[in-house]
1. Lysines near LYS29 by alpha-carbon distance under 18 Å, same-chain residues fewer than 8 away left out - which ones?
2. Quick check for me: using +1 on Lys/Arg Cβ and -1 on Asp/Glu Cβ, what's the dipole size of the chain about its Cα centre, in debye to the nearest 20?
3. Taking a probe of 1.4 Å, how large is the accessible area per residue of the chain, in Å²?
4. If you roll a 1.4 Å probe over the stretch 1-93 with all protein chains in place, what percent of the accessible area is carbon or sulfur?
5. Pairs LYS94/LYS126; LYS8/LYS39; LYS8/LYS94: which exceed 30 Å Cα-Cα?
6. Sort the stretch 1-133 into rounded, prolate or oblate with this rule: let a ≥ b ≥ c be the square roots of the eigenvalues of the Cα gyration tensor; rounded if a/c is under 1.5, and if a/c is not under 1.5, prolate when a/b is larger than b/c, oblate otherwise.
7. Enumerate the aspartates and glutamates that LYS46 could reach by cross-link, defined here as Cα to Cα under 14 Å, with residues fewer than 8 away along the same chain left out.
8. Under the classification rounded if a/c is under 1.5, otherwise prolate if a/b is larger than b/c and oblate if not, where does the stretch 68-146 fall, given a ≥ b ≥ c as square roots of the Cα gyration tensor eigenvalues?
Amino acid sequence: MQKLSIPKIFTHNMITNPPNAYALIHGSKSHPDIWGIVKFYSTPYKGLTVCAEIFNLPIYSPNGAPSFFGFHIHETGDCSDNFANTGGHYNPDKQTHPFHVGDLPPLISSDGYAFMCVYVRQLNLKEIFGRSVIIHSQADDFTSQPSGNSGEKIACGVIE
């Protein structure tokens, strides 16, 4: 039997196993048509594979160019009150930006659709349950303190 490489192990894990956690994403009052799912998969290594599939994101770019959206895990899983209670980026080690554990790569939308998978070694299931996933109206600049100047919270989901 052939030994699987690390990338093949991640792919095999996602294809053959259900996610270990997920967040159903819904849009804010000003962006009610946004919806999607973020799935979290345990890996045989430390960390998680995070996969997002999001629909009906706003189209900000001219001529069909991609649009970029901030994508973070926030401290609390309270998506009520138009997401006002989600807290800041998940940052248990009190690092300066851009080293928050909850900072994920931006979502890149083509015609309102975004799909992304990323391996994040610093996350584990135990610490993310009950927190929220937030999509922001602008890309995170990974510089501005404390949250990257990523704009309005336009979508949210609680990690279950």
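1. LYS153
2. On the way: 10 positive and 13 negative charges, 131 e Å.
Computed charge dipole of the chain: roughly 640 debye.
3. Working: 8430 Å² over 160 residues.
Averaged over the residues of the chain, the accessible area is 53 Å².
4. Values: 2970 of 5160 Å².
Looking at the stretch 1-93 in its full context, I get 57 percent from C and S.
5. Values: LYS94/LYS126 19 Å; LYS8/LYS39 18 Å; LYS8/LYS94 34 Å.
Check vs 30 Å cut-off fails for LYS8/LYS94.
6. Working: a/c = 1.82, a/b = 1.28, b/c = 1.42.
Oblate, since a/c reaches 1.5 and b/c is not below a/b.
7. Within the straight-line cut-off, LYS46 pairs with GLU127.
8. Details: a/c = 1.35, a/b = 1.20, b/c = 1.12.
Since a/c stays below 1.5, the shape of the stretch 68-146 is classed as rounded.
The values are calculated or read from the model by the stated rules, or taken from the named source; none is laboratory data. All values reported here derive from a predicted model rather than from experimental measurement. Don't worry about glycine lacking a Cβ; one is built from the backbone with ideal geometry, like all the others, and counts go over all protein chains shown. These area figures cover heavy atoms from the full protein model, side chains too; ligands, DNA and RNA do not enter into them. Shrake-Rupley method; radii C 1.70, N 1.55, O 1.52, S 1.80 Å.
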